[in-house]
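Quick notes on the structure that follows.
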Amino acid sequence: MRETDLGVDGPVALEVPDSEPRHRVHAYLDVAVVVVVLACTNLIAHCTTAWANVVSVPVAAVVLLALMRRRGLGWHELGLSPRHWRRGTLYAVGAVALVLSVVAIGAALPITRPFFLADRYATISGALIASMIVIPLQTVIPEELAFRGVLHGTLDRVYGARGVFFSGSLLFGLWHIASSFGLTSGNAGLAAVLGGGWFGQVLGIALAVVVTGAAGVVFTWLRRRSGSLLAPIALHWSVNGAGALAAALVWHTTFG
């Protein structure tokens, strides 16, 4: 980059180092740090202790937020700017209403009711605790803060919208590999369709990656459309939380 300075004999061209390549490298490093931290967090959460499974994802999300704020990501890049709260709330309400309608229909139809028979939500009390406490605090808010907040902001600086949609959604799908072990064995509907044994388990994991990756696309669209994390948080909770409550109701009405 060249600038001019007024010297004794007139304007003199000065060579000023261009900082753009350096900023580009820093942006790539930010993406790499976020991805590595998320990968390590996933391994710690699912391959160590039960206590680590509870606290690792929320702690990692807060650490990544603080780190990337220090690296210069603005609140609007993280989806946390107050100026987008109103728009985010409107999209959140619409997303929740749509999901609740779909879940209610799915739980009522005989052909789809077996897919709600997840063992972990066999009791009303367990489903309530999971839906109102565990899922929001351990899963939904930390994951959205990490993926549609921090990862979204760092990817957007480097790759733009296409990179955010593709890379962010792919990573979100891969994030669910570890949590999908035993998925078919704990769900009567999935076991009936995909079968049992190791082959059914592999199919269940593959299906989970595809479905959560597709969900990541929708969450990302809501995040970019509303400018706020409120909308994807609401949609994410309604899918998981309402699904848990619906599962308990199906168990209760089927075998109660």
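The values are calculated or read from the model by the stated rules, or taken from the named source; none is laboratory data. Please read all numbers here as calculations on a predicted model, not as lab measurements. Here the Cβ is made from the backbone with ideal geometry for all residues, glycine too, and neighbour counts use every protein chain on show. The accessibility values were calculated without ligands, DNA or RNA, using every heavy atom of the protein model including side chains. Shrake-Rupley method; radii C 1.70, N 1.55, O 1.52, S 1.80 Å.
For the chain, the solvent-accessible area with a 1.4 angstrom probe is 55 square angstrom per residue. Of the chymotrypsin sites (Phe, Trp or Tyr not before Pro) in segment 149-184, the ones in a loop by DSSP (not H, G, I, E or B) with at most 16 other beta carbons within 10 Å are F181.
In plain terms, the chain from F166 to L67 could stretch by 33.3 nm, reckoned as 0.36 nm per residue minus the Cα-Cα distance. Computed from the Kirkwood radius of its Cα pairs, the Stokes-Einstein diffusion coefficient for segment 39-97 at 4 °C and 1.567 mPa s stands at 94 µm²/s.
With θ taken as phi - 60° and the Karplus curve 6.51 cos²θ - 1.76 cosθ + 1.60 applied, the whole-hertz 3J(HN,Hα) list for segment 83-92 is 5, 9, 5, 5, 5, x, 5, 4, 5, 5 Hz, x standing for glycine and proline. Note on I133 and A50: the extension gain reaches 28.2 nm, defined as 0.36 nm multiplied by sequence separation minus the Cα-Cα distance. Adding -39500 (n - 2.57) for every DSSP H run of four residues or longer, then dividing by how many residues the chain holds, sets the calculated 222 nm ellipticity at -21500 deg cm²/dmol.
On full extension, the segment bounded by L207 and L43 gains 57.0 nm, given 0.36 nm per residue less the C-alpha separation. Equivalent ellipsoid of the chain: semi-axes from √(5λ) of the C-alpha gyration tensor, largest first, are 43, 19, 16 Å.
Cα gyration tensor of segment 114-184, axes a ≥ b ≥ c as square roots of the eigenvalues: rounded (a/c below 1.5), prolate (a/b > b/c) or oblate? Prolate. Classify segment 197-244 as rounded, prolate or oblate, taking a ≥ b ≥ c as the square roots of the eigenvalues of its Cα gyration tensor: rounded when a/c is under 1.5, otherwise prolate if a/b is larger than b/c and oblate if not. Taking the square roots of the gyration eigenvalues as a ≥ b ≥ c, segment 197-244 is oblate.
Build a GNM of the chain with springs between Cα atoms under 10 Å apart, and of D119, D30, D156 the one that fluctuates most is D119.
Placing unit charges on the Cβ atoms of the charged side chains and taking the dipole of the chain about its Cα centre, the candidate lying farthest along the positive direction among L235, I105, S81 is I105.
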